[in-house]
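Report on one structure; see the data block that follows.
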Amino acid sequence: MKRVALGNSGLEIFPLVFGTLPMGPLQANLSPKEGGAVIRQALEAGVTMLDTAELYGTYGHVRAGLEGWTGPVAIASKTHAPDAAGARAHVERALREMGRERIDVVHMHGARVERPFIDRVDVFAELFKMKDEGKIAHVGMSSHFVPAVLEAASHPEIEVLHPLINRAGMGVLGGTRDGMLDAISACSASGKGIYAMKALGGGNFINAARASIGWVLSHPFIHAVAIGMLSGDEARANVRLFEEGVADDATWKPLEARRRRLRIMQQFCKGCGDCVPACASRALSVVEGKAEVDEGVCVLCGYCAEACPEFIIRVV
């Protein structure tokens, strides 16, 4: 099957990366057994890289999907910790809960961090230390911010980038869609592996999924795309699209007919506002004592759900 090189990292993967966020407690809340079964079907179909994170709550799903698997697989995880101790704890939990001795890529999870090379210096230093210890193969960075991605191009120690990009520019911070494309291109030219996030705007563009994925893939400096999947049918359809360019209406129209939204159970909302700073897209506000979402801005990541002390926010 098709393989692409992730820059100069030495990793060669199928260009569809399995994003595990949607199956976790922030969104669909599949059990590890259920999610693991979907992951296994994706691996059997040809996927070779899984994307997870401390925030996602899907380490158990990954472990279940990999149990007994002998084929090729690379795992990328992320730490959103603001300090070195937290970052180390996150990586060690990932290793322990997924049953791995080493993680292929660990990103500084900087969706909401505008100046990561200033504000997360200690985190990067700890990740490099864990790389020297053999616990991490490659250090990366995930970001929604154009300036952060552009600055990463001048940091050779960052080997893999996971930037937000989609054809509408939804969720891009600190610049425009085309500015983000320029920043990604600069990173690719500097030898970094690039796999994109939010090609479907977190689910907002599901009704035009084929066109949206195709637009991201049309840029040769983007090596791969992470897409969340919740069923074996989705996985197989996406693999066929990435491998053969085949996207027949019979398969894709039912998939594109789905709709997702952020649900806030306002009758239980206490108006604490903890969800507001958790939103990298600045889609949330508290109005008359209740949290509200601007659906035209929300990228359906679900990070606000993790921040809500009342557990009343969910992507559905």
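Taken together, the values in this text are just the output of simple stated rules run on the coordinates, not laboratory data. What you see is a predicted model; the values in this text were computed from it and never measured. In this analysis, Cβ positions are derived from the backbone assuming ideal geometry, glycine residues included, and neighbour counts consider all displayed protein chains.
In the structure shown, do any of K129/K192; K2/K33; K198/K270; K33/K78; K2/K253 have a Cα-Cα gap over 27 Å, and if so which?
On the way: K129/K192 20 Å; K2/K33 29 Å; K198/K270 30 Å; K33/K78 22 Å; K2/K253 25 Å.
Going by Cα-Cα distance, K2/K33; K198/K270 fall outside the 27 Å limit.
In which sequence would W215, W69 go, from the one with the fewest C-beta neighbours within 10 Å to the one with the most?
On the way: W215 16, W69 12.
Final ranking by Cβ density, sparse to dense: W69, W215.
Would you mind ranking K131, K2 so that the residue whose beta carbon has the fewest other beta carbons within 10 Å leads the list?
Working: K131 18, K2 12.
Taking fewest neighbouring Cβ atoms as first place, the list is K2, K131.
If amide H atoms are built 1.01 Å from N in the plane of the peptide, which residues on other chains or at least 5 residues away come under 5 Å of the amide H of R263?
Here R314, V315, V316 satisfy the definition.
Loop-only check: which GluC sites (Glu not before Pro) in the stretch 225-316 are DSSP coil with at most 16 other Cβ within 10 angstrom? Mind dumping the intermediate values first?
Values: sites: E234, E243, E244, E256, E288, E292, E295, E306, E310; in loops: E288, E295, E310.
In loop regions of the stretch 225-316 (DSSP not H, G, I, E or B), the sparsely surrounded GluC sites (Glu not before Pro) are E288, E295, E310.
Under a point spin-label approximation (7 Å from Cα along Cα-to-Cβ), what is the R263-V276 distance to one decimal in nm?
2.6
Which Cys in the chain stand alone, with every other cysteine's Cβ at 4.7 Å or more from theirs?
So, C187, C269, C272, C279, C298, C301, C308.
Out of the stretch 222-316, which trypsin sites (Lys or Arg not before Pro) are coil in DSSP terms and have no more than 15 other C-beta atoms within 10 Å? Spell out each step's value before the answer.
Values: sites: R236, R240, R258, R259, R260, R261, R263, K270, R282, K290, R314; in loops: R258, R259, R260, R261, K270, R282.
Sparse-neighbourhood loop trypsin sites (Lys or Arg not before Pro): R258, R259, R261, K270, R282.
Can you check what the net charge comes to around S190, using other residues whose Cβ is under 15 Å from the Cβ of S190 (Lys, Arg +1; Asp, Glu -1)? Please report the intermediate quantities before stating the final value.
Numbers: positive: K192; negative: E151, E157, E159, D182.
Here the count lands on -3.
Taking only C-alpha pairs under 8 Å that are 6+ residues apart, what is the relative contact order of the stretch 1-62 in percent? Each step should come with its number before you reach the end.
On the way: 84 pairs, mean separation 23.6, N = 62.
It rounds to 38 percent for the stretch 1-62.
Using Cβ contacts closer than 10 Å as the measure, can you line up I312, I158 from fewest to most?
Fewest to most other Cβ atoms nearby, the residues stand as I312, I158.
Given a cut-off of under 8 Å on Cα pairs at least six residues apart, what relative contact order in percent is computed for the stretch 179-259?
Rounded, it is 33 percent for the stretch 179-259.
Given contacts defined as C-alpha pairs under 8 Å and at least six residues apart, what's the relative contact order of the chain, whole-number percent?
On the way: 677 pairs, mean separation 56.9, N = 316.
Contact order relative to length: 18 percent.
Can you give the local net charge around D122? Use residues other than it whose beta-carbon is closer than 12 angstrom to its beta-carbon, Lys and Arg +1, Asp and Glu -1. Numbers along the way, then the final one.
Details: positive: R88, R120, K129; negative: D83, D119, E126.
Local charge sum for D122: 0.
Could you work out the local net charge near C308, counting Lys and Arg as +1, Asp and Glu as -1, over the other residues with Cβ closer than 13 Å to its Cβ? Numbers along the way, then the final one.
Working: positive: R263, K270, K290, R314; negative: D274, E306, E310.
Result for the neighbourhood of C308: +1.
How long is the gain from M1 to R115 if the chain were fully straight, where each residue apart is worth 0.36 nm and the alpha carbon distance is subtracted? Let's see the in-between values first.
Numbers: separation 114, 0.36 × 114 = 41.04 nm, distance 3.85 nm.
Additional length available on full extension: 37.2 nm.
List the residues, sorted by chain then number, that are 5 or more residues from M229 or on another chain and whose placed amide H is less than 5 Å from its amide H.
Excluding prolines and chain starts, which carry no amide H, the hits are G19.
Would you calculate, for the chain, the mean residue ellipticity at 222 nm contributed by helices, counting each DSSP H stretch of 4 or more residues as -39,500 (n - 2.57) and dividing by all residues, to the nearest 500? Before the final figure, lay out each step's value.
Details: 12 runs with 112 residues, N = 316.
Helices in the chain give a 222 nm mean residue ellipticity of -10000 deg cm²/dmol.
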